[in-house]
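Notes to accompany the following structure.
The values are calculated or read from the model by the stated rules, or taken from the named source; none is laboratory data. Predicted model, so just to flag it, every value in this text is computed and none were measured. Quick reminder, even Gly has a Cβ in these numbers, built from the backbone with ideal geometry, and neighbours come from all protein chains shown. Ligands, DNA and RNA are stripped out before the accessible areas are found, and what is left, the full protein with its side chains, is counted by its heavy atoms. Shrake-Rupley method; radii C 1.70, N 1.55, O 1.52, S 1.80 Å.
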Amino acid sequence: MVDIQVKNLTKFFTIGENLLEGLSFETQEGECVAILGRNGCGKTTLFKILSGEMDYDDGEIFINPNKKIGLISQIPRFPWSYTVEDVLRTAFSAVTAAKRKMEEMERAMANGATDEQLREYDGLVNRFQSGGGYEMDVEIDKICNGLGISPAQRAQEFDSLSGGEKTRVNLARLLLEKTDILLLDEPTNHLDLNSVEWLEGYINAFKGTVLVISHDRYFIDRVAQRVIEITDGHAEFYSGNYSFYMDEKQARFDLQMKQYEQEQAKLKQLGYTVERMKGWGINNRTLYRRAMSIQHRMERIRKTEKPKMEKTMKASFGEKDFSGDVVFKTKNMTKAFGQRTLFSDVELHVEGGERIAILGDNGTGKTTFLKCLLGEEDFQGKLQYGPTVKAGYLPQVVHFDHPERTLYDTMLYEKNCTPQTARDRLGQFMFSGEDVFKQVKNLSGGEQSRLRLCMLMDEKINLLVLDEPTNHLDIASREWVEAAIEEFEGALLFVSHDRYFIEKFAERIWLLEDGRIRDFRCGYAKFRSVLEHEAACKPVIAAAPKEKKEKPKGGTKEQEKLIRKLEREIEKQEQLVASYDPKIEAASADYQELTRLLAEKEEAEMLLLELMEQWEAAQM
């Protein structure tokens, strides 16, 4: 069954310049499709059109009328007093409205009820139950735990959150709404690795349809079944994940280039033949007519368009010679804010050429740790650099002292270079033409990062420190940054949630958790396997002492007896819960009896849940 169908969609913002032009595609029920393309190609515009937020100029759009569609690109406005918990519960607005109405009717019917009131109340009960009213709290807890929204944050006012935190809460709200079609625009932004992995599992288990815009290549590989690339307003289709898309795209380019070159060679040969026969046919009409026939045939040959090579940036980091073995070493390095200690007694040793990733959940202090290393934050303990070390730093939030200046003036003033050198260097970073006269404050986040990299790469450094270097960059720009880093031979220290980037560069990993830094001298794949092994061993280690202490003899048999006993009790309780349904249906006209039966059923369900938890604990 088709959930979304787009035919010849056209959208323009400037007359004569179409952002989307004749875009056509369709998605089937249950598919997860990745929408790729350069920044500014119209991906977010497409999502706004599909969700009804934006109109379009031509074409047809079909959305399955029986399906509910949800978009996470714009954060809705909520009353200023709303907490995060209030925002999350707006996902159950229909259920909570039914609950309020039920409570009002219960008060009104306390001294007797009419048949009409009882029928209305019965309808409200069914609406509350079918809408997930009894599971509402459990669902909110599950989503919040998965996305790393803590109980303390749930009590905060929504307006006090940062932009990234609001995005995370809004994603949680959308997932709680139980939409049938999810439109996810950069859902992994502002999520730590654990939350991204949880979201992958959620999407893979989701029964509905998902369209996702993402620059996270690892994420696309894990969730996407198909890829649609928007190029020059049109759609290109790839029947696989990101890895398949990359291989197939290169194969299509090679094939098209081969066809183009063969056609050009054939046309060149025919053209040479035509010119010779025309020369010979000056006094021979037969040869001349044959030459004209060949020329007409040349005009009818189907011309393959020459495939375009994507414009890429070409630049590299300036490198300073490094002498010695030690880049830096720390001893008893500790950082605290008041009563909260981010990390303590950190002792690390870094040698030349090492490539190290710093990982950890959001809020553990990764950026603060980088700032301590760079002297931007005070700390306790010792830090010693090698005598020839010169560091270059790309922060997560890029700041310019004079954002009112143009890109061109920024290069002239801050890098003290000639006008021609400024234009050449900006051109290497894909700032050309009138773009160089834009004010820095008007650049997007990705463009500001690109400009800072342009300035950074001009410096002579042998220690490169990067804080989320791929944030705000599209896939093409990420690949370019990776190409530049690959050529850099100095030491590399970076914070990133981009697993594709981590897997490519990390040869050593520092995991910041519980106020300490664990040092893994391995790449990302081995690091993940170590953590998975540790997680698998934890329950066994925790359970063994307890079993010996409580049941030193015959523990296994006793455990099996307990499990069998619980299974029998669960079966009886399930039958009891099911027995209430016909009674509730029969008492639909008797308000007092209905209220009593519903309360008893709810109590029986709670007892069943407790038995299930005991059974699960016994199994563990």
Count, please, the residues in the range 35-71 that happen to be open to solvent by less than 20 Å² (accessible area, probe 1.4 Å), closer than 19 Å to residue 230 by Cβ, out of contact with any Lys or Arg (no Cβ under 7 Å at 6 or more places or on another chain) and in a strand (DSSP E or B). 1
State whether the residues of the range 515-535 include one that is surrounded by 21 or more Cβ atoms within 10 Å (Cβ to Cβ), within 23 Å of the chain's Cα centre (by Cα), at pLDDT 90 or above and within 28 Å of residue 390 (Cα to Cα). yes
In the range 147-187, which residue that is more than 19 Å from the chain's Cα centre (by Cα) and part of a helix (DSSP H, G or I) is surrounded by the fewest Cβ atoms within 10 Å (Cβ to Cβ)? 152
Examine the range 487-500 for a residue that is modelled with pLDDT of 85 or more, under 28 Å from residue 527 (Cβ atoms), assigned to a helix (DSSP H, G or I) and open to solvent by 30 Å² or more (accessible area, probe 1.4 Å), and state whether such a residue exists. yes
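Can you tell me which residue in the range 9-34 is modelled with the lowest pLDDT, limited to those that are crowded, with 16+ Cβ neighbours inside 10 Å and of a type in the set (A, V, I, L, M, F, W, C)?
From the range 9-34, those crowded, with 16+ Cβ neighbours inside 10 Å are 9, 11, 18-21, 23, 25, 27, 31-34; that's our starting set.
Right, trim to of a type in the set (A, V, I, L, M, F, W, C) and you get 9, 19-20, 23, 25, 32-34.
Details: 9: 92, 19: 82, 20: 88, 23: 91, 25: 94, 32: 95, 33: 96, 34: 96.
Per the stated criteria, the residue is 19.
Among the candidates 225, 262, single out the residue that is surrounded by fewer than 19 Cβ atoms within 10 Å (Cβ to Cβ) and within 30 Å of residue 300 (Cα to Cα). I'd like the intermediate steps shown before the answer.
Working: 225 fails: within 30 Å of residue 300 (Cα to Cα).
Matching residue, one of 225, 262: 262.
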When you scan the range 382-471 for helices (runs of 4 or more DSSP H) that lie fully inside it, which ones turn up with 3 or more residues that are modelled with pLDDT of 90 or more and surrounded by 15 or more Cβ atoms within 10 Å (Cβ to Cβ)? 407-415
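Here is a yes/no grid of residues against (1) closer than 30 Å to residue 532 by Cβ; (2) touching a Gly at 6+ places or on another chain (Cβ under 8 Å); (3) in contact (Cβ under 8 Å) with a residue 40 or more places away in the chain:
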| residue | (1), (2), (3) |
| --- | --- |
| 152 | yes, no, no |
| 168 | yes, yes, no |
| 187 | yes, no, yes |
| 193 | yes, no, yes |
| 203 | yes, no, yes |
| 212 | yes, no, yes |
| 217 | yes, no, yes |
Exactly one of these conditions fails for residue 375: (1) of a type in the set (Gly, Ala, Ser); (2) in contact with a Gly (Cβ under 7 Å, 6 or more places away or on another chain); (3) in a loop (DSSP other than H, G, I, E, B). Give me its number. (2)
Sort out which residues of the range 188-238 are closer than 12 Å to residue 35 by Cα, in a loop (DSSP other than H, G, I, E, B) and in contact with a helix residue (DSSP H, G or I) (Cβ under 6 Å, 6 or more places away or on another chain), and write them in order of number. 214, 215
Selection count where residues are touching a helix residue (DSSP H, G or I) at 6+ places or on another chain (Cβ under 9 Å) and either closer than 17 Å to residue 344 by Cα or β-branched (Val, Ile, Thr) (or both), scope the range 371-380: 3
Filter the range 126-146 for residues that are more than 21 Å from the chain's Cα centre (by Cα) and of a type in the set (A, V, I, L, M) and give the result. 136, 138
